[in-house]
Amino acid sequence: MTTALLGVGVSGSRPVAIGRAYLFGREPTVVSEEIERDRIDAEVQRLDEALECAQQHLESVRRQIPDSTPVHIAEFIDAHLMMLTDSALVDATKALIRERSINASWALQIQRDTLIEVFDAMGDAYLRTRRDDVDHVVRQIQMFLSGEPSAQSLSVSDLKDRVIVADDLTPADTILLRHRGIGAFVIEHGGPMSHTAILARSLDIPAIMGVHNATHLLRQDELLLVNAESGTVLAGADEGILAHYRQRLVSADQRRHRLRELVQEPSTSRDGVPVVLLANLELPEDVDTVRSSGASGVGLYRTEFLYMNRIGLPDEEEHLATYLEVVRGLDGIPLTIRTLDLGMDKQVDGLTGAAANLTNPALGLRAIRLCLREPALFVPQLRAILRASAHGPVRLMLPMISSIAEVETVLGMIAETRRTLRRQGLPFDPLMPVGAMIEVPAAALCAGGIAKRVDFLSIGTNDLIQYTLAIDRVDDTVNYLYEPLHPAVLRLIRITLMRAAESRTRVSMCGEMAGDPRYTSVLLGLGLREMSMQPTSLLEVKEMVRNCDVGRVSTRMEQLLDRLDDLSPTQILDAVNEVVND
Ligand code: PEP
Ligand code: MG
C-alpha cells in the first residue's frame with residue numbers, strides 16, 4: 001500500500017529524489033532504572049562500551065571531514081573527543097552508578113545536569129559555549145547506551161542517496177551533513193523559509209518541510225519517493241509510480257544540462273533590459289558553485305555560519321582570512337558581506353543565550369540589534385570587512401534594519417572604525433559601499449529615508465514576508481499562510497523600489513522569492529532589476545528574464561496594482577504570464 005505524506009517542498013534544480021529512509025531521532029530515550037548491586041559492574045562496563053563506541057564514531061567522523069571544511073569543525077570534534085575521557089564526566093558518572101545503584105543512562109543524565117548548572121552560572125560567553133558541548137556529548141553516549149541511531153551522527157558513510165527523515169535539523173546540523181551525497185530531506189518541523197530549508201536549497205538537495213509525524217510514519221530503510229514540487233513523500237509506491245519518478249529524474253537531469261548553455265548568455269530581457277543576477281553564499285567553500293553559475297557577484301554572503309559548529313568565537317583575523325578566501329575565490333566579481341544575523345533559529349552556543357530564551361526570538365535581540373548591543377562582537381567583523389575591501393570589490397550589508405536611527409548609529413560605528421583603521425595604518429577601501437536590508441515592514445515604509453543614507457538596499461523577502469504576514473518562518477503550523485504574492489508584500493516591495501528610485505539608490509532582492517522563477521516576471525514588472533539567489537536557481541531565473549518583455553510586464557503590473565486586493569495569487573501570475581507567453 002502506498003503511503004503519501006504532505007509538507008512544503010523546497011528545491012533548487014533537483015525537484016525529485018528516490019532513496020531509502022534514514023531516520024534521525026533527535027533525543028535519545030533515557031530510561032531511569034535502579035539496578036541490583038550485582039549488576040553494577042556490568043553497568044559500568046556497558047558505559048565503557050558506549051564511550052568506546054562514541055569515540056570510534058567521532059574518530060571516524062573526523063577522518064571523513066572533507067579537506068575543504070573549515071578547520072574549526074575539526075576542532076569542534078576534537079573537543080568532544082577529549083570530553084569522552086574527562087573525569088568530570090566519566091569518573092563522576094561511574095561513581096553515581098556505584099553509589100546510587102542506578103543505570104548508566106540515568107547516572108549520565110544526573111551528571112549532565114550538574115555540569116550544565118555549573119556552566120550556566122558562568123558569566124563568560126566562551127565558557128558558556130562548553131555547556132552545549134556537554135549536552136551534545138552526553139546525547140551521543142546515551143544514543144549508544146539505548147542502541148538508537150544517532151541524531152547527530154556524521155560518521156554514516158552510507159548516507160549517499162539516503163532520504164534523511166528527522167523531526168528537526170538545525171542550520172548547524174545541516175552544515176555538518178553537507179557533502180555526504182544525501183538524496184533528500186524530509187523534516188517534521190520548519191517552513192520553506194527556515195534557514196535549514198535555505199541551506200538545503202543551497203546544497204541543491206530537495207527537502208520537504210513540515211511533514212508532521214514523518215519519523216513515526218516512515219520506516220528505517222524503506223524506499224521513499226520525494227517530490228519537492230508537490231511537497232509529497234511517497235512510501236510503498238508501486239512499480240508504475242517508481243518508473244514515473246525515474247523518468248522525472250532523467251528529465252530534470254536533461255533540463256539542468258540544457259540550462260548550462262545559458263551560463264555565458266547575457267541576462268537581458270527580450271526587450272533589451274539588463275537584469276543583474278547575483279548569487280547567495282552560505283559557506284566559503286561554495287565559491288566555485290557561485291563562479292560556475294555565471295553570477296555577476298555575490299549579493300548576500302551570510303556570515304553567521306562562521307560562528308556555528310565550533311568552540312569559541314571567530315576573531316578579527318579569522319574573519320579577515322575567511323573573507324579574503326572568498327574575495328580571492330570570486331576573482332574580481334563583487335562580494336556583499338552581510339554582518340552577522342544571529343538570533344531566531346540561527347543560535348550560536350553560549351552567545352545568544354539571552355535572545356534564545358525569549359518567547360519571541362524573531363522579534364527579539366536578533367541581527368543588527370544584537371550587534372549594536374555587543375560591540376565586542378560587531379567591531380571585529382566591521383574591521384575585517386573593511387580590511388577585506390582593500391583586496392577586492394567588497395560591499396557591507398546590514399540585516400534587520402527597522403529604523404533610520406539604527407542606520408545612523410551603525411554608520412557612525414563604521415565611520416569610527418574607518419578612523420581607527422586609518423590611525424593604525426591598516427588599508428581599506430574608503431568608498432566601500434554600505435547597504436541596508438529591507439526585511440521589516442517599517443523599513444520598507446521608510447525606504448526613502450534609509451535609501452538616502454546608504455549606497456544600496458536589498459530586500460530580504462524571507463523576513464519581510466514573515467513580519468508582514470505575522471508568520472513565524474520556523475513554525476510549520478503556519479506555513480500555509482506563506483504567500484510571496486500577498487498584496488501587502490507586493491506593495492511593500494513596490495514602495496521600496498519607488499522610494500529608492502527617488503534618490504537613485506540601487507535595490508536588490510536576496511530573499512528566496514528572488515530565486516523562484518515563478519515570480520521573476522512579477523518582480524521585473526514591479527521594477528526590480530537586481531536579484532540575488534541560490535546559485536542552483538540562477539539559470540532558471542535567467543531563462544525567465546530572457547523570455548520576458550519587461551516593458552509589457554511593467555504595464556501589466558501597473559494595471560494590476562490597483563486591483564491587487566481582489567486578485568488571488570494564481571490570478572496575478574496568470575495575468576502577468578499572459579503577456580510573457582504572448
Ligand atoms: C531574508 O530575510 O530574506 C534574507 C535574505 O535573510 P535571511 O534569510 O538570512 O534571514
Ligand atoms: Mg533575513
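The values are calculated or read from the model by the stated rules, or taken from the named source; none is laboratory data. As the structure is a computational prediction, the values presented were derived from the model and not from experiment. With ideal geometry, Cβ positions are generated from the backbone for all residues, glycine too; neighbour counts draw on all protein chains shown. To get the accessible areas, we keep the full protein, side chains included, count just its heavy atoms, and leave off ligands, DNA and RNA. Shrake-Rupley method; radii C 1.70, N 1.55, O 1.52, S 1.80 Å.
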* Tell me what the chain gives for mean residue ellipticity at 222 nm when only DSSP H runs of n ≥ 4 count, each as -39,500 (n - 2.57), the sum divided by the residue total, rounded to 500 deg cm²/dmol. => -14500 deg cm²/dmol
* To do: Would you mind checking the tilt of helix 404-423 against the longest principal axis of the Cα atoms of the chain, expressed as 0 to 90 degrees and rounded to 10?
  => 80
* What is the dipole size for the chain, taken about its Cα centre, with +1 at each Lys and Arg Cβ and -1 at each Asp and Glu Cβ, in debye to the nearest 20? -> 2040
* To do: Classify region 234-322 as rounded, prolate or oblate from the Cα gyration tensor: take a ≥ b ≥ c as the square roots of its eigenvalues, call it rounded if a/c is under 1.5, otherwise prolate when a/b beats b/c and oblate if not.
  => oblate
* Asked: Considering only DSSP beta bridges with both partners in the chain, what is the antiparallel share in %, to the nearest 5?
  -> 35
* Cα gyration tensor shape of the chain, rounded if a/c is under 1.5, else prolate or oblate by comparing a/b with b/c -> oblate
* **Two-site label geometry, ASP161 and ARG422: point separation in nm, points 7 Å out along Cα→Cβ** => 6.1
* Asked: Projected onto the charge dipole of the chain (+1 at Lys/Arg Cβ, -1 at Asp/Glu Cβ, origin at the Cα centre), which of ILE241, SER101, GLY329 gives the Cα projection farthest towards the positive end?
  -> GLY329
* Percentage relative contact order, the chain, counting C-alpha pairs under 8 Å, at least six apart -> 16
* To do: Compute, for GLU49, the solvent-accessible surface of its heavy atoms (probe 1.4 Å) with the complete set of protein chains present, and express it in square angstrom to the nearest 10.
  => 90
* Helix 239-260 sits at what angle to the longest principal axis of the chain, using alpha carbons and giving 0 to 90 degrees rounded to 10? -> 50
* In the chain, with Lys and Arg counted as +1 and Asp and Glu as -1 at Cβ, which of these residues, LEU51, SER293, LEU363, has the Cα nearest the positive end of the dipole, that is, farthest along it? -> SER293
* To do: Compute, for ASP221, the solvent-accessible surface of its heavy atoms (probe 1.4 Å) with the complete set of protein chains present, and express it in square angstrom to the nearest 10.
  => 80
* Just the accessible area for ARG98, please: 1.4 Å probe, Å², rounded to the nearest 10? -> 110
* **Heavy-atom accessible surface of the chain: percent carbon and sulfur, 1.4 Å** => 51
* Tilt relative to the chain, helix 375-388 - C-alpha long axis, 0 to 90 degrees, to 10 -> 60
* **Whole-Hz couplings from phi, Karplus 6.51/-1.76/1.60, listed for region 359-368; x for Gly and Pro** => 5, 10, x, 5, 9, x, 7, 10, 6, 4
* Asked: Per residue, what accessible area does region 418-468 have, given a 1.4 Å probe and all protein chains present, in Å²?
  -> 38
* Under a straight-distance cross-link criterion of Cα-Cα below 16 Å, which aspartates and glutamates are reachable from LYS542, leaving out those fewer than 8 residues away in the same chain? -> GLU261, GLU265, ASP271, GLU512, ASP516, GLU530
* Structure fact -> For region 256-319, averaging the sequence separation of alpha carbon pairs under 8 Å that lie six or more residues apart and dividing by its residue count, the contact order in percent is 27
